[in-house]
Amino acid sequence: MSSARRSVLRVAIIGIALLLSAAPALAGGWATVRLDKPHDKVLVEVPTTVGFTVLQHDVHPVNVGRATLFAQHKEKGEKLTADARQDGPEGHYLVEVTFPLAGEWKWGVNADLWGEMAFETLTVLSSADEVAADNPIAAEMGRMHPAGIHAGTCDGLNAGIAFELDDVRLGEPDAAAPVKEMVGAETAFPVATSISSIDAPLTEIIGGDHAINVLADGTAKDAIACGDIGGLMVGDELAVGLGERNASGYTGVALLRAVGDRTEVTIYLARDPAGVGSEGASASADATTVTIVNGAFSPARLEIAPGTTVTWRNEDGIAHSVMGDDLAFDDSSVLSPGQSFSQSFDTSGTYTYKCGPHPGMVGTITVKEAVGSP
Ligand SMILES: [Cu+2]
């Protein structure tokens, strides 16, 4: 065999080897990358260990030649990459990463021949305070909410307090309780309480128009919850609902109990952190939907007005994702059938995106110029 023919043969063998190693993508195979857990308390300049699994067809864990975590800061454009190491069961990887800047990062994993797959945009927090604030109970700690019974109704409250109530606070009023510890879910709603004894019979409080009003704190005089006193008397007890005021996220219940000539008032004030400011938030904004079906985005091209919220809903039988080419475009994690993902677009321009597991699936969002701009 001549040396020329041998080198041709060698090229052919290398070519076949390359074809075989590229088989996943060429054979129409696809994979997803799923995080072990959500990462919502990542702190700037503090190493974080990220675990994930590469899943062929979103089902079978599969080891890949090389898995690399990538991230890019949305505002500053700063990039970082970190090689992951296979750890534990097939397809499972660990990578230690330190984010040098607080703020939003687009991030994901390059799973070698399986391509790049994004995770949902990550918010890196700047301080431990921010991490604590992310825990609704820790955030409520130390807050004192002044409360009182006023003449009038919540919609026409007499400014003067008719009957003082103790401040509503977390961990009180039973200050004598020796141990206060956080238990159970970190996502539990904080419930602040107060117990007051009023020098007036319950019949007197019920007799005229009265309302229980709770304020943000001693300096912020905004009402956060209020309830008109009335309802169904059960024995010597009346439960009064406290409705949210000023989009505070607080609602509650007050129990008024007749104790001889006095009235005992117990307030339970609960805060739904997700509900804060929910009143009117994006209620007026336009919304539109892109359906994912038959391995395609539909419509693939969408033109919207600035401020429009776009929701992608996976109505296909397999997993897909939404991964933008632009830094301003937030990525989704893997969307299982039935799941959806939303983001709003404020800045005019053309945004192209694709599906991580199926890079041939592409779409375009065109945000029109704001009305009135040249
Ligand atoms: Cu897809």
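The values are calculated or read from the model by the stated rules, or taken from the named source; none is laboratory data. None of the values given here were measured: they were computed from a predicted structure. FYI the Cβ positions are ideal-geometry reconstructions off the backbone, even for glycines, and counts take in every protein chain you see.
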**OP:** Kindly indicate whether ALA216 is over 15 Å from GLY160 (Cβ atoms) and modelled with pLDDT under 95.
**Re:** yes
**OP:** Counting only residues that are hydroxyl-bearing (Ser, Thr, Tyr) and within 30 Å of GLY317 (Cα to Cα), give me the strands (runs of 3 or more DSSP E) lying completely in segment 44-89 with at least 1 of them.
**Re:** 48-56, 68-73
**OP:** Could you give me the residue pairs with C-beta distances under 8 Å whose first residue belongs to segment 62-78 and is free of Cβ contacts under 8 Å to residues at least 24 places away in the same chain, whose second residue is among the aliphatic types (A, V, I, L, M) wherever it lies, and which are 6+ apart or on separate chains?
**Re:** GLU78/LEU101
Subject >> Every residue from segment 239-274 that is touching a helix residue (DSSP H, G or I) at 6+ places or on another chain (Cβ under 7 Å) and part of a strand (DSSP E or B) >> reply: LEU256, ALA258, THR263, ARG271
Original post:
Looking at segment 315-324, which of its residues are away from the ligand (no atom under 12 Å from the Cβ) and of a type in the set (Gly, Ala, Ser)?
Top reply: GLY324
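Are any residues in segment 325-350 under 13 Å from LYS106 (Cβ atoms) and either more than 14 Å from the ligand (Cβ to nearest atom) or assigned by TED's automatic domain parsing to the domain that holds TRP107 (or both), and if so, which ones?
Residues of segment 325-350 under 13 Å from LYS106 (Cβ atoms): 325-333, 343.
Scanning segment 325-350 gives ASP325, ASP326, LEU327, ALA328, PHE329, ASP330, GLN343.
Looking at the structure I just gave you, is TRP114 crowded, with 18+ Cβ neighbours inside 10 Å and farther than 15 Å from PRO357 by Cβ? Spell out the reasoning first.
Details: crowded, with 18+ Cβ neighbours inside 10 Å: yes; farther than 15 Å from PRO357 by Cβ: no.
No.
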Original post:
What are the pairs, 6+ residues apart or on separate chains, where a residue within segment 356-372 that is in contact (Cβ under 8 Å) with a residue 60 or more places away in the chain and in the same structural domain as VAL322 (by TED's automatic domain parsing) has its Cβ under 7 Å from a residue that is within 9 Å of the ligand (Cβ to nearest atom) and small (Gly, Ala, Ser)?
Top reply: GLY356/SER321; PRO357/ALA319; PRO357/SER321; HIS358/GLY295; MET361/GLY295; MET361/ALA296
**OP:** Please go through segment 310-322 and pick out each residue that is surrounded by fewer than 21 Cβ atoms within 10 Å (Cβ to Cβ) and in a strand (DSSP E or B).
**Re:** THR311, ARG313
